[in-house]
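This report refers to the structure that appears directly beneath it.
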Amino acid sequence: MKFTLTVPLVSLALSGCSLQDAANAPARDPVAEPAQPPPAANVRRQPRAESTDQRLDRIAAAVRAWRQASDLGTARRHAEAARNLIVGPNGPGYGDADGDGTVAEANAIGLLPGLNGGEALAIPAANECVFRDLLGGSWDDPASRWAILQSKIDAWRPGNNTFPTLPSHVQRIVGWATLTLKSVDLATAKEYAGHAQIHVDASHRALTNC
């Protein structure tokens, strides 16, 4: 019986304390309450913008894999990746150029402006060397700049390398990648990758060592 009587007494005592504490607690200003964040599922996060040097690192990785390819299909796939990273979705030749059903290194914005201009990772130029060597001068008329590159690709022959006349080193990478996508043997594709590597290195120097 003592046990039975003690339990409600303790419960009443605890209830009394709780009521008393609540009665003595200061009133809370509802205006001062911090706003609750929306559920995580409702928060729309903007993708982090890629920097020019990060894009160049990805291009360098594609060229390196292109040079190390063990078969022509692999070399073409990485040449496609390098070209896509430079030209972007509005640039010439972007997409599944090797016809394997996949757009290698698909992206939303190119390193250089597209055929109709627009945003590009390397614009505005970070320094005079980027403007001179990586961009190769003004891109006020991007369609003309890409047309010049296409004319150099069309005129290129084994005994007539037209790419050194292009001021933009990354455009020269596009040139070598385009030739690789047309090549019929692995040795030639890897030779073109060696040329592309020279221009990857020159582009890195323009960005970091001006």
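No lab work stands behind these numbers, since they all come straight from the coordinates. Keep in mind the model is a prediction, meaning the values are calculated, not measured. Virtual Cβ from ideal backbone geometry, glycine too; neighbours counted across all protein chains shown.
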Check your understanding: Across the stretch 53-96, which residue is nearest to residue 194 (Cα to Cα) among those that are part of a helix (DSSP H, G or I) and touching a Gly at 6+ places or on another chain (Cβ under 7 Å)?
Key -> 67
Revision key, fill the gap. Filtering the stretch 118-147 down to residues that are exposed (fewer than 15 other Cβ atoms within 10 Å of the Cβ) and either in contact with a strand residue (DSSP E or B) (Cβ under 6 Å, 6 or more places away or on another chain) or of a type in the set (A, V, I, L, M, F, W, C) (or both) yields 143, 147
Check your understanding: How many residues does the stretch 147-172 hold that are over 21 Å from the mean Cα position of the chain (by Cα) and within 19 Å of residue 196 (Cβ to Cβ)?
Key -> 18
Practice item. Could you tell me whether any residue of the stretch 116-126 is over 17 Å from residue 173 (Cβ atoms), under 21 Å from the mean Cα position of the chain (by Cα) and in contact (Cβ under 8 Å) with a residue 40 or more places away in the chain? Key: yes
Practice item. Can you confirm whether the stretch 171-190 contains a residue that is over 30 Å from residue 70 (Cα atoms) and either among the hydroxyl-bearing types (Ser, Thr, Tyr) or free of Cβ contacts under 8 Å to residues at least 60 places away in the same chain (or both)? Key: no
Review point. Do we find that residue 199 is within 23 Å of the chain's Cα centre (by Cα), over 18 Å from residue 77 (Cβ atoms) and surrounded by fewer than 22 Cβ atoms within 10 Å (Cβ to Cβ) in this structure?
Key: no
**Study point:** Single match in 152, 182 (criterion: touching a Ser or Thr at 6+ places or on another chain (Cβ under 9 Å) and either basic (Lys, Arg) or within 23 Å of residue 129 (Cβ to Cβ) (or both))
**Key:** 152
Check your understanding: Condition test on residue 122, is it within 16 Å of residue 63 (Cβ to Cβ) and of a type outside the set (Val, Ile, Thr)?
Key -> no
Review point. If you check every pair at least six apart or on different chains, which have Cβ atoms under 7 Å apart with a residue in the stretch 54-74 that is aliphatic (A, V, I, L, M) first and a residue that is outside any helix (DSSP H, G or I) second?
Key: 62/105; 72/185
